[in-house]
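Report on the following structure.
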């Protein structure tokens, strides 16, 4: 390898290794990048998406951001929409068999995914495939041949399968087929690299093995960390309520970002933004030395994230609103107003109908936690008489004025 090519390889690796959990094997990725440079040929970077839920949050963008880095380096991203495998459901990390989706559910979720992914990815360097293109053509003989290329013993090495078997929890035969189908996607694509979260490592390595079985150069498995949610404990998940959606309003995104634990600030910067690592390390040192207030670092983080999914003007407006409401303890100017005809209400239901809580039970929980205020005072009773000029507040960011 001449010096110029060597320098280009190391430059790409420096960018691509940012935030990565594992590259299996690293040396082979370097060899593939070298060949790509010499042959002026982009690498095929694969990501499989089973559209089991329609909305993308920041946890999903950890992998998408890495794909964008590959694109910026001249490589080609191939997204495999699992319209066929999505009907089975990925068993990774599951304690029970995943509920199968209908074809209509999968395709609707896939449509929503495609609308959102281009907030991160370069449209011109992204190729979309639906794996029903090749999987639906397999007959029973083809499936048996595919199954013969992997053993039950290897399947049972998966933590989730081993745990369920030990605990007597049923495992469907179709769940064994899932990683083989995902691996067959790599065979069809002739992928150079497949990406996924750390929970996808087994599936990615099955793809590597299956490519060998079909006489192909095996793909590299590149895994990214699973992002903790705003609670700092559980992985980011809409069902857990600790998520930041990329389609949420800027002020909502700002407030949620400000709620993350201080110890996650630099991790969020590294995995979710394009701020240079040198600057992130400098901020980390300054916070450790007490020269940078974590609140200020979080505000910078929030502005960076919102700018990526909205624009800088909306990000700065969200910051100014946040400072006004919380630092100066003022009410927001653009608070929604609501005219009531029946003043006596059951507060949990009223808050749900106004979109301030996700359900009546959530409203009851928020009241018990002291997160609901009227005119700045915590509410303890669920029954309330509404009067003109009254300001209802849920949490730190949601306000409603009665008129």
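Each reported figure results from applying straightforward, stated rules to the coordinates on display, with no laboratory input. Nothing here was measured: the structure is a model prediction, and the numbers come from that model. Backbone-built Cβ (ideal geometry, glycine too); neighbour counts: all protein chains shown.
Can you give the translational diffusion coefficient of the chain in µm²/s, computed by Stokes-Einstein from the Kirkwood radius over Cα pairs at 25 °C and 0.890 mPa s?
Working: Rh = 23.8 Å.
Taking Rh from Cα pairs, D becomes 103 µm²/s.
Need the full-extension length gain, residue 154 to residue 358, defined as separation in residues times 0.36 nm minus the C-alpha distance. One decimal, nm.
Values: separation 204, 0.36 × 204 = 73.44 nm, distance 4.27 nm.
Going from the current span to full extension adds 69.2 nm.
To the nearest ten degrees, helix 201-213 and the longest principal axis of the Cα atoms of the chain are 20 degrees apart. Consider a paramagnetic label point 7 Å from the Cα of residue 341 along Cα→Cβ; state which residues of the stretch 357-399 have an amide N under 18 Å from it. The answer is 386-388.
At an R0 of 41 angstrom, the distance between the Cβ atoms of residue 69 and residue 177 translates into a FRET efficiency of 0.80.
A simple spin-label model places the labels of residue 3 and residue 312 3.8 nm from each other, with each point 7 Å out along Cα-to-Cβ. By the helix-only formula, in which each DSSP H run with n ≥ 4 contributes -39500 (n - 2.57) and the sum is divided by residues, the chain has a 222 nm mean residue ellipticity of -14000 deg cm²/dmol. Taking the longest Cα principal axis of the chain as reference, the axis of helix 26-39 is set at about 80 degrees.
Could you give the angle, 0 to 90 degrees to the nearest 10, between helix 277-288's Cα long axis and the longest principal axis of the Cα atoms of the chain? Rounded to the nearest ten degrees, it is 40.
Subtract the Cα-Cα distance of residue 139 and residue 122 from 0.36 nm times their separation in residues, and report this length gain in nm to one decimal. Working shown, then result.
On the way: separation 17, 0.36 × 17 = 6.12 nm, distance 3.60 nm.
That pair, residue 139 and residue 122, stretches by 2.5 nm at full extension.
Taking 7 Å steps out from each Cα toward its Cβ at residue 111 and residue 14 produces label points 4.6 nm apart. Inter-label distance, residue 252 to residue 320: 2.3 nm, where each label sits 7 Å from its Cα along the C-beta direction.
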